[in-house]
Structures are given as C-alpha cells and as structure tokens.
1. As an exercise: evaluate residue 222 against (1) modelled with pLDDT of 90 or more; (2) out of contact with any helix residue (DSSP H, G or I) (no Cβ under 6 Å at 6 or more places or on another chain); (3) not aromatic (Phe, Trp, Tyr) and give the number of the one condition it does not meet.
2. Is it the case that residue 105 is in contact with a Leu (Cβ under 6 Å, 6 or more places away or on another chain) and modelled with pLDDT of 90 or more?
3. Provide a single number: the residues in segment 234-250 that are under 22 Å from residue 281 (Cβ atoms) and either aromatic (Phe, Trp, Tyr) or exposed (fewer than 14 other Cβ atoms within 10 Å of the Cβ) (or both).
4. If I go through segment 182-232 residue by residue, how many of them are assigned to a helix (DSSP H, G or I), under 17 Å from residue 106 (Cα atoms) and open to solvent by 20 Å² or more (accessible area, probe 1.4 Å)?
5. Of all residues in segment 82-129, how many are closer than 17 Å to residue 51 by Cβ and of a type in the set (A, V, I, L, M, F, W, C)?
6. Cβ contacts < 8 Å: first residue farther than 21 Å from residue 88 by Cβ, restricted to segment 144-156; second residue β-branched (Val, Ile, Thr) and part of a loop (DSSP other than H, G, I, E, B), any location; separation 6+ or different chain. Result?
7. Between a first residue in segment 48-62 that is under 15 Å from residue 156 (Cα atoms) and a second residue that is aromatic (Phe, Trp, Tyr), which pairs have beta carbons less than 8 Å apart while being 6 or more apart in sequence or on different chains?
8. Against the condition farther than 30 Å from residue 74 by Cα and open to solvent by 30 Å² or more (accessible area, probe 1.4 Å), how does residue 174 come out, does it pass?
Amino acid sequence: MVQMCNILPAVRHTQLSHAFFVSVSRLIFLFVFKICVSVVTILSRSHADHNVYPSAGVLFVHVLEREYFKGEFPPYPKSGDASSDPITFNTNLMGYPDRPGWLRYIQRTQHSDGVLYGSPTAEHVGKPSVIEITAYNRRTFETARRNLVINIMATEEFPLPYQAEFYIKNMNVEEMLASEVLGDFLGAVKNVWQPERLNAINITSALDRGGRVPLPINNLKEGVYVMVGADVAFSSCLREVESPHNQLRCSQEMEPVISCDKKFRAQFHIDWCKISLVDINKVVPVYITRPDPGTGILPEFGEYSPPSESLMGRNYFSDFLITLAVPSAVALVLFFILGYTMCCRREGVEKRNMQTPDIELVHHSSIQKSTKELRNMSKNREISWPLSTLPVFNPVSGEVVPPIHPDNYETTSMPLMQTQTNLQNQITIPQQRPSG
C-alpha cells in the first residue's frame with residue numbers, strides 16, 4: 001500500500017510533464033507555420049510582377065493605386081478606418097537607388113495615388129526595366145512590395161516630325177496626367193491642328209523648369225509643360241504667335257492675340273508667349289563623340305609584390321634641422337636688422353635741435369617755462385570761499401542758516417587772480433586749534 005502511494009505522484013508528474021511538452025511542441029509548430037506563411041506571402045508579393053509595354057517617344061503614365069495595395073496589408077488589430085490609411089510609395093530601379101533618367105514619380109499627399117510618368121526614347125527599346133515599388137502604410141508601419149516590368153517597344157511613328165510644347169498655367173502635373181484631362185487637351189489641340197496622328201510626348205512640371213512654388217491663395221497652380229507631336233505641319237493658328245505684332249506684345253509682357261485661344265480657354269489657360277514649335281526635319285543633328293567605354297576590366301599587371309621587411313629606416317634628423325634652422329635664421333637676421341634700425345639709427349635730440357631754427361627753440365623754451373611757472377603758482381595759491389557760500393551763524397538762537405547758493409554752486413566761475421580789494425573784504429573762517 002505504501003509503495004502504491006509512492007508510485008502515484010511519480011505517475012502524475014510524468015503525465016504533467018508529457019502534457020506540458022505536447023503543448024509547447026504545438027506552440028512551436030504554430031509559430032514556425034505562421035513564419036513560413038508570412039515568408040511565402042512576402043515572396044509571393046515581391047515576385048508578383050506586372051508587365052507594361054509603352055512605346056518609345058510616347059508619354060507613359062502608370063498610376064499606383066492605393067486601393068490595390070490596401071488589400072496586400074495584413075489586417076490591423078486596433079480600431080480604425082483602413083480606407084483612410086496614409087500610404088506612400090518608394091520607387092527605384094532594381095539594383096539601383098533611383099529610377100531611370102526618363103522616368104519620374106509624383107505623389108501630392110499621403111492620401112492620393114502615386115503616378116509614374118515619362119517619355120522613353122529609342123535608346124531604351126528592347127531593354128526591360130524592373131521598377132521596385134514599395135508601399136508604406138504610415139498608420140500600421142506595414143510594407144508591401146510589387147515589381148513593375150517596363151518593356152519599351154519600338155514604333156514606326158517615332159519620332160513625329162512636328163512637335164509643339166504648350167505651357168498651361170492653371171494645371172498641376174498630377175491633374176494633367178489624368179486620362180480624362182489629357183484626353184480633353186489632346187482633343188482641343190487636334191481640333192486646332194487637325195493632324196492624322198497626334199500623341200502626347202512628354203509632360204514636365206514648371207518647377208522642373210525653374211518655376212517658383214505658387215502661393216497657397218486663389219487656387220494658384222504650379223503650371224505644366226505639355227509636348228505633343230503630329231505628322232502634319234503647324235496650323236496657321238499656331239503660327240500666329242510668331243507674327244511680329246504678337247512677338248512685340250510678348251516682349252512687353254502682354255498677352256498675344258491668338259484666334260484659336262477660345263477653344264482652350266474654357267478649361268486650359270495657355271501662355272502663348274511660351275509656346276515652342278519645333279520641326280525636326282529642319283533641326284541640324286549634333287553628333288557628340290563619346291569615348292569608348294571599354295570592357296570595364298583592368299589590364300593585367302601581374303601579381304602584387306609587397307615591399308620586403310628589410311627596408312632601411314629613413315633618418316628625418318636632417319629634414320628636422322632644415323625645417324627649424326632655416327626659419328630661425330631668417331627670423332634672427334630680421335631681428336638684428338630691426339634692432340639696428342631702431343637703436344643705432346636714431347637721430348637724437350641734439351641732431352633735432354641742430355636742424356631746428358633758433359627762434360623756434362627760444363619760442364618753445366619760453367612756452368615750457370611759462371607753463372611750469374603757472375603750474376607752480378597754482379599749487380601754492382590759497383583762495384578763501386566767498387561769503388555767499390558760507391553758512392550764517394545766529395548767535396542768539398544758535399541756528400545755522402544755509403548759504404544763499406545751494407551745493408551745486410559752480411566754483412569754476414571764481415576768478416583765478418583776485419584783486420587786493422577782494423582779498424581785504426574776504427573773511428577768513430576761524431579754525432579750531434587743538435588744546436596745548
């Protein structure tokens with residue numbers, strides 16, 4: 001019976017240990033499983049490439065929609081409206097810190113969509129560019145990544161021979177990149193130009209051309225440059241800006257008179273003085289000779305042979321002496337020259353007196369003697385104070401009446417040399433002598 005009592009606690013302890021081990025194993029398994037699922041999710045997101053096929057010489061616009069990336073973020077446990085989460089984007093060429101030179105990106109606020117736009121050239125044809133797009137949720141600090149593969153295609157229409165660039169004052173870049181607004185502008189240009197083929201070539205913000213940031217008043221815009229190309233010559237309306245009358249008005253900062261401006265004025269305010277008309281057929285090509293970049297591999301110089309350990313040490317004592325001795329010698333010579341000039345080349349008082357006329361010496365000596373005599377006389381004179389400045393003593397009451405003049409009496413008005421009559425009328429104040 002005693003043995004059974006001893007066995008039961010051991011059995012219970014073994015069962016508890018087994019249950020604890022099973023529960024810990026399950027927790028570890030669930031943790032590893034979640035990590036694997038998250039890794040698979042991240043890999044699936046990062047490798048979910050999206051292919052686009054823009055044409056060379058034609059404006060490329062790709063919108064980074066916030067709604068698309070919201071679905072890739074995991075649910076946030078805290079309460080909050082997920083639709084209003086601030087999301088920003090970071091774009092770069094894979095393996096590089098920035099985007100290609102022809103590709104630009106803009107996002108006005110954290111609650112608006114981002115836009116990639118640009119105009120690829122014929123040099124980029126057949127060279128796919130992988131753009132890494134990283135979305136940041138500024139509320140949950142979660143990230144999502146997606147790759148955008150840009151495959152630039154060649155086109156027979158590139159380049160269009162006639163190109164016109166318009167400056168629109170009442171638009172921002174992100175507003176002009178919207179398909180509806182850009183379509184309305186191309187429709188107005190086509191109505192004025194009437195070509196068979198018309199394409200938007202490039203869009204550039206006025207800030208990139210040296211423009212100023214507008215003040216946040218009266219709904220002012222930054223302005224945008226829009227370049228379009230066509231296959232026919234410029235219309236007479238577009239040529240009106242080149243007339244001498246309109247050129248004179250532009251030089252006087254006045255708006256030119258354009259007959260077709262009313263077709264744009266309803267939606268687009270165009271600065272006709274900044275319009276640019278280019279005929280590629282008349283442009284003289286400029287060829288720039290570039291050096292051969294080579295293979296990028298350095299030539300063979302053989303194996304590196306480090307210096308041996310038996311090299312003799314260099315003695316810097318002579319260098320030290322030269323460094324200190326030369327400046328010290330120059331300073332010593334300059335010191336002796338300065339001392340000789342100041343001590344041994346002085347003219348002295350005697351030489352000065354010899355070169356001075358006698359009349360000037362006598363005059364100077366008399367002035368010195370008079371000055372000295374006056375100073376000695378001023379030290380020995382004793383002048384009594386005027387009666388008006390002395391206190392009056394009443395022998396009956398014993399009161400002392402203050403003087404007529406206050407303490408701010410100006411003693412500077414007293415004469416330096418008093419006459420004999422003034423001295424006789426003055427009363428000397430009796431002084432008390434010590435006893436004995």
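The values are calculated or read from the model by the stated rules, or taken from the named source; none is laboratory data. The structure presented is a predicted model; accordingly, all values stated were derived computationally and were not measured. Here the Cβ is made from the backbone with ideal geometry for all residues, glycine too, and neighbour counts use every protein chain on show. Ligands, DNA and RNA are stripped out before the accessible areas are found, and what is left, the full protein with its side chains, is counted by its heavy atoms. Shrake-Rupley method; radii C 1.70, N 1.55, O 1.52, S 1.80 Å.
1. (2)
2. Details: in contact with a Leu (Cβ under 6 Å, 6 or more places away or on another chain): yes; modelled with pLDDT of 90 or more: yes.
Here the answer is yes, as residue 105 does meet what is asked.
3. Start the filter on segment 234-250 by keeping residues that are under 22 Å from residue 281 (Cβ atoms), which leaves 234-242.
From what's left, either aromatic (Phe, Trp, Tyr) or exposed (fewer than 14 other Cβ atoms within 10 Å of the Cβ) (or both): 234, 236, 239, 242.
Residues in segment 234-250 being under 22 Å from residue 281 (Cβ atoms) and either aromatic (Phe, Trp, Tyr) or exposed (fewer than 14 other Cβ atoms within 10 Å of the Cβ) (or both): 4 in total.
4. Our first condition is that a residue be assigned to a helix (DSSP H, G or I); within segment 182-232, this holds for 182-193, 206-209.
Those left that are additionally under 17 Å from residue 106 (Cα atoms): 182, 206-209.
Remaining after also requiring open to solvent by 20 Å² or more (accessible area, probe 1.4 Å): 182, 207-209.
Residues that pass the stated criteria total 4.
5. Of the residues in segment 82-129, 5 are closer than 17 Å to residue 51 by Cβ and of a type in the set (A, V, I, L, M, F, W, C).
6. Taking only residues 6 or more apart or on different chains, the pairs are 152/125; 153/125; 154/125; 155/58.
7. Pairs found: 54/60; 55/158; 56/158; 57/158; 58/158.
8. Numbers: farther than 30 Å from residue 74 by Cα: no; open to solvent by 30 Å² or more (accessible area, probe 1.4 Å): yes.
No: the conditions fail for residue 174.
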